[in-house]
């Protein structure tokens, strides 16, 4: 993609912390939030509309929401509300793995059973020695997830006019040492400010003109904001 790459320091080292720290003062009546992350169901924040793709677009085979599902929902939201800001929250590169190599890892190392000791949360499994997957293999699966989601993001950028920014809610630890008693850490967790966890990309693709954004009355209702189930959170390795 053509554009300018910078970085920012995130307010969260984990998705719920990111959401609570960034969206606590609403209402955000010029924002449509398209989310594949179940934690958006846990914050009491008013957007113009909150589209819970984690609820409506869940893929039981992969135990997550696939990028193309999020992209389609975001394109439809933009067509319906062309004068609103879009926040589009993909799950990838977050686990579980969805690529060809990643799915092989899941089968080989028993990462398809969220009830098991390794579950789908490879970070803690590596940290506590509960899995035979290597750090290199986990990294490869993570990068494969990133490649897949960026292809889908490129499709979204082609369909949405105006200025866009690509960023992340948090990073990921792959064996970095954390003090005061140094120990290698994997995955991500709140209240840790290690640079690898909170320094995130801030990429600005090239654009021709900005859209005119206007506020409106929120369309959110209690029925449109379901709470995440334990099964969804467990499948993503949160529980």
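The values are calculated or read from the model by the stated rules, or taken from the named source; none is laboratory data. Since the model is a prediction, treat every value here as computed from it, not as a measurement. Positions of Cβ are backbone-derived with ideal geometry, glycine not excepted, and every protein chain shown enters the neighbour counts.
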Practice task
Please state which one of 231, 161, 223 is over 16 Å from the mean Cα position of the chain (by Cα), modelled with pLDDT of 90 or more and surrounded by fewer than 17 Cβ atoms within 10 Å (Cβ to Cβ).
Solution key: 161
Practice task
Only one of these is assigned to a strand (DSSP E or B) and surrounded by 14 or more Cβ atoms within 10 Å (Cβ to Cβ): 130, 111, 86. Name it.
Solution key: 86
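Which residues, taken from the range 75-97, are over 18 Å from residue 226 (Cβ atoms) and within 14 Å of the chain's Cα centre (by Cα)?
Our first condition is that a residue be over 18 Å from residue 226 (Cβ atoms); within the range 75-97, this holds for 75-76, 78-88, 90, 92-97.
Those that are over 18 Å from residue 226 (Cβ atoms) and within 14 Å of the chain's Cα centre (by Cα): 87, 88, 90, 92, 93, 94, 95, 96, 97.
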Exercise for the section: Considering only residues that are within 15 Å of the chain's Cα centre (by Cα), outside any loop (DSSP other than H, G, I, E, B) and modelled with pLDDT of 95 or more, look in the range 23-49 and name the one that is nearest to residue 238 (Cα to Cα). Expected result: 35
Exercise for the section: Exactly one condition in (1) in contact with a strand residue (DSSP E or B) (Cβ under 9 Å, 6 or more places away or on another chain); (2) over 19 Å from residue 236 (Cα atoms); (3) not in a loop (DSSP other than H, G, I, E, B) is not met by residue 125; state its number. Expected result: (2)
Practice task
Tell me, please, whether a residue that is in contact (Cβ under 8 Å) with a residue 12 or more places away in the chain and part of a loop (DSSP other than H, G, I, E, B) can be found in the range 65-77.
Solution key: yes
Exercise for the section: Can you tell me which residue within the range 164-175, out of those that are more than 15 Å from the chain's Cα centre (by Cα) and surrounded by 16 or more Cβ atoms within 10 Å (Cβ to Cβ), is farthest from residue 87 (Cα to Cα)? Expected result: 174
